[in-house]
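Student: Take this structure first; my questions come after.
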Amino acid sequence: MSSTTAVSAPNYGYIQGELISLRDVQDCDLSEIYRISFNSQTQHLWAPNLPLVSFEKFADRLMRRIHHRWDHFKVIVRRKDQCILGFSYCYNIAYANMTSNICICIDKAYMNTSQCLQSAYLYLSHLFIDLKYRKLYCEVFAYNYQCLSILKKLDFIQEGRLSEHQFWSEQYWDMFIYSLNRRQFSECCRTRSRLIKKLSCHQLKN
């Protein structure tokens with residue numbers, strides 16, 4: 001598979017919120033995704049064991065994973081200037097149960113901004129509304145305080161905890177397993193309507 005081959009998703013190539021958009025990856029995105037993935041200040045938050053490789057090897061590996069291991073890979077961009085904020089994808093999908101694990105990786109420059117929450121909400125909307133997923137899971141290390149805060153704001157519930165699962169910064173850390181189902185997301189949209197109105201043009205229907 002060529003590292004310059006773009007991924008296509010015929011039905012949902014471009015998902016648009018009021019401020020944030022999700023789109024399929026393009027050739028010109030790969031260098032920015034590479035930079036975000038190997039940021040030494042944030043890499044430990046989602047992939048602490050990912051070895052540094054050349055851009056060419058990374059691009060080829062990324063495309064292979066998108067085609068064979070991950071699904072619904074989207075580049076997260078700011079609408080007004082098409083600035084790349086991060087990327088998101090699903091893995092360990094069980095289509096029989098309509099469940100999946102999700103990963104949303106945001107550039108360090110935008111982690112402490114409302115755009116981080118907006119990005120997460122829009123991707124969840126896409127999965128629950130457009131693609132009809134029933135339940136989504138998120139694995140997060142105990143030291144990833146920013147992610148834990150976002151999950152709580154979106155009403156994710158802790159379902160599991162793997163003790164001393166990940167070694168980082170001279171110690172072992174727990175990994176939490178959080179989940180959110182479609183009914184809970186619908187309720188989140190209702191109870192946090194003021195916040196949701198600012199995040200996306202999507203409207204969840206039962």
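The values are calculated or read from the model by the stated rules, or taken from the named source; none is laboratory data. The structure displayed is predicted, hence computed values, not measured ones. Using ideal geometry, Cβ is built from the backbone for each residue, glycine included, and neighbour counts are taken over all protein chains shown.
Student: Considering only the range 145-194, how many residues are among the hydroxyl-bearing types (S, T, Y) and either touching a residue at least 60 places away in the same chain (Cβ under 8 Å) or under 16 Å from S100 (Cα atoms) (or both)?
Tutor: Final tally of qualifying residues: 3.
Student: Assess whether W70 counts as being of a type in the set (A, V, I, L, M, F, W, C) and over 21 Å from Q146 (Cβ atoms).
Tutor: Judged against the criteria, W70 is a match.
Student: Still on this structure, I have one more. Scan the range 138-159 for residues that are of a type in the set (S, T, N, Q) and over 13 Å from L45 (Cβ atoms) and report the count.
Tutor: The total comes to 1.
Student: Going by the conditions given, is Y145 loosely packed, with under 15 Cβ neighbours inside 10 Å and either over 14 Å from L124 (Cα atoms) or in contact with a helix residue (DSSP H, G or I) (Cβ under 8 Å, 6 or more places away or on another chain) (or both)?
Tutor: When the stated conditions are applied, Y145 passes them.
Student: Would you point out the residue of the range 107-135, among those that are touching a Phe, Trp or Tyr at 6+ places or on another chain (Cβ under 9 Å) and farther than 16 Å from I15 by Cβ, that is surrounded by the fewest Cβ atoms within 10 Å (Cβ to Cβ)?
Tutor: Taking the candidates together, the pick is R134.
Student: Select from the range 14-31 the residues that are surrounded by fewer than 16 Cβ atoms within 10 Å (Cβ to Cβ) and out of contact with any Ser or Thr (no Cβ under 8 Å at 6 or more places or on another chain) and write down the one among them that is modelled with the lowest pLDDT.
Tutor: Q16
Student: Determine which member of the set N92, N11, N49, N39 is surrounded by fewer than 19 Cβ atoms within 10 Å (Cβ to Cβ) and modelled with pLDDT of 95 or more. Break it down into steps so the answer makes sense when it comes.
Tutor: Working: N11 fails: modelled with pLDDT of 95 or more; N49 fails: modelled with pLDDT of 95 or more; N39 fails: modelled with pLDDT of 95 or more.
Of the residues listed, the single one that is surrounded by fewer than 19 Cβ atoms within 10 Å (Cβ to Cβ) and modelled with pLDDT of 95 or more is N92.
Student: Right, another one. For K80, only one of the following conditions fails: (1) at pLDDT below 95; (2) among the charged types (D, E, K, R); (3) part of a helix (DSSP H, G or I). What is its number?
Tutor: (3)
Student: Of the residues that make up the range 149-172, is at least one part of a strand (DSSP E or B), modelled with pLDDT of 95 or more, hydroxyl-bearing (S, T, Y) and over 24 Å from F73 (Cβ atoms)?
Tutor: For the range 149-172, residues part of a strand (DSSP E or B), modelled with pLDDT of 95 or more, hydroxyl-bearing (S, T, Y) and over 24 Å from F73 (Cβ atoms): present.
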